[in-house]
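Participant: Just passing along the structure, written as structure tokens.
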Amino acid sequence: QQQVKQSPQSLIVQKGGISIINCAYENTAFDYFPWYQQFPGKGPALLIAIRPDVSEKKEGRFTISFNKSAKQFSLHIMDSQPGDSATYFCAASSMESGNQFYFGTGTSLTVIP
Amino acid sequence: NAGVTQTPKFRVLKTGQSMTLLCAQDMNHEYMYWYRQDPGMGLRLIHYSVGEGTTAKGEVPDGYNVSRLKKQNFLLGLESAAPSQTSVYFCASSLAGGYGYTFGSGTRLTVV
């Protein structure tokens, strides 16, 4: 059973456009929601993370929107650039589960120049 | 400033062979993890450790064993490799609960 459901599986965006990736979860015990960026042949790298006490977090061109009641969170990449082309994973964890992260299945983002 | 180092980076095994993957971190992190990454399935947790001398099962532990004899090292063992264990394996560490992971660069394992 997938603890975190991610969509879309792939996304193609024009340079300068907005990329939006969505995730949904069921376990209300989750209290930490990070996004990871992975380039081919590399390990995932932490991009941005949010805790459920806030509804939005912004770092540069990257924003997480969090809807606790709907149990959904999303990543918005503003002014998307070709260098943003990568696979993005959302994840969720809870302190009570030994900080195990449950990952979404990933979104392959391609930004066209 | 190495972070998380995984060895080896690539390996080909024959069915039934055994091997150990080594993960080393130099950030004094308490928690360490082993994940496998397969196309269309994201990252799935194999085993994890919340401190030296401790280990626990994750989502897909069958066919794997782990040990954490030293805080900085976390070993993943395959006793009798099977083709279903062909995957990319990632080690990660975190300072404690509620913190993000630092991942290694991965080990690509092929079992033939």
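Participant: Measure off 7 Å from each Cα along the Cα-to-Cβ vector at B:Gln17 and B:Ser67, then give the distance between these two points in nanometres to one decimal.
Facilitator: 2.1 nm
Participant: Right, here's the next one. Counting only protein heavy atoms, probe 1.4 Å: which residues of region B:74-112 lose 40 Å² or more of accessible surface in the full assembly compared with their chain by itself?
Facilitator: B:Gly98, B:Gly100, B:Tyr101, B:Phe103
Participant: Considering amide H positions built from the backbone, and no H for Pro or chain starts, which residues 5 or more places from A:Leu47, or on another chain, come under 5 Å of its amide H?
Facilitator: HN-HN under 5 Å from A:Leu47: A:Trp35, A:Tyr36, A:Gln37.
Participant: Collect residues whose amide H, placed 1.01 Å from N in the peptide plane, falls under 5 Å from the amide H of A:Thr105; neighbours closer than 5 in sequence don't count.
Facilitator: Amide H neighbours of A:Thr105, under 5 Å, 5+ apart: A:Gln6.
Participant: Okay, moving on. About the Cα centre, and with charges only on the beta carbon of Lys, Arg (+1) and Asp, Glu (-1), how big is the dipole of the protein assembly as shown? Nearest 20 debye, please. Kindly include the intermediate steps, with their values, before the conclusion.
Facilitator: On the way: 19 positive and 15 negative charges, 84 e Å.
That gives the protein assembly as shown a dipole magnitude of about 400 debye.
Participant: Considering only protein heavy atoms and a 1.4 Å probe, what is the carbon-and-sulfur percentage of the accessible area of chain B?
Facilitator: 53 percent
Participant: Distance between the C-alpha centers of region B:1-75 and region A:6-32? Whole Å please.
Facilitator: Spelled out, the Cα-based centre of one part sits 27 Å from the other.
Participant: Within 13 Å, Cβ to Cβ, of B:Tyr89, how many net charges do the neighbouring residues add up to if Lys/Arg are +1 and Asp/Glu are -1?
Facilitator: +4
Participant: Only counting protein heavy atoms at a 1.4 Å probe, give the residues of region B:20-60, ordered by number, whose accessible area falls by 50 Å² or more when the other protein chains are present relative to the chain alone.
Facilitator: Residues of region B:20-60 that lose at least 50 Å² of accessible area once the other chains are added: B:Leu43.
Participant: Right, next: Could you pull out every one of the lysines with an alpha carbon less than 22 Å from that of A:Lys68, ignoring same-chain neighbours closer than 8 positions?
Facilitator: A:Lys5, A:Lys57, A:Lys58
Participant: Would you tell me the accessible area of B:His29, worked out with a 1.4 angstrom probe on the heavy atoms of the protein chains, in Å² to the nearest 10?
Facilitator: 20 Å²
Participant: Rounded to two decimals, what is Rg over Rh for the protein assembly as shown when you use alpha-carbon atoms and the Kirkwood radius?
Facilitator: Values: Rg = 17.4 Å, Rh = 17.9 Å.
Taking Rh as the inverse mean 1/r over Cα pairs, Rg/Rh reads 0.97.
Participant: Exactly which trypsin sites (Lys or Arg not before Pro) in region B:21-62 are in a DSSP loop and have at most 16 other Cβ atoms within 10 Å? Present the calculation step by step, with values, prior to reporting the outcome.
Facilitator: Numbers: sites: B:Arg36, B:Arg44, B:Lys57; in loops: none.
In loop regions of region B:21-62 (DSSP not H, G, I, E or B), there are no sparsely surrounded trypsin sites (Lys or Arg not before Pro).
Participant: Keeping all protein chains in place, calculate the accessible area per residue for chain A (probe 1.4 angstrom), answer in Å².
Facilitator: Per residue, chain A has an accessible area of 48 Å².
Participant: A follow-up question, please. Could you state how much accessible area is buried at the A-B interface, both sides summed, with a 1.4 Å probe, in Å² to the nearest 100?
Facilitator: Details: alone 6240 and 5940 Å², together 10590 Å².
Buried area (both sides, nearest 100 Å²): 1600 Å².
Participant: Report, as a whole number in µm² per second, the diffusion coefficient that Stokes-Einstein gives for chain A at 37 °C and 0.692 mPa s using the Kirkwood radius over alpha carbon pairs. Could the numbers behind the result be given before it?
Facilitator: Details: Rh = 14.1 Å.
Using the Kirkwood radius from Cα pairs, D works out to 233 µm²/s.
The values are calculated or read from the model by the stated rules, or taken from the named source; none is laboratory data. Note that the coordinates shown come from a computational prediction; the quantities given were computed from them, not determined experimentally. Don't worry about glycine lacking a Cβ; one is built from the backbone with ideal geometry, like all the others, and counts go over all protein chains shown. Surface accessibility is based on the protein's heavy atoms, side chains included, excluding ligands, DNA and RNA. Shrake-Rupley method; radii C 1.70, N 1.55, O 1.52, S 1.80 Å.
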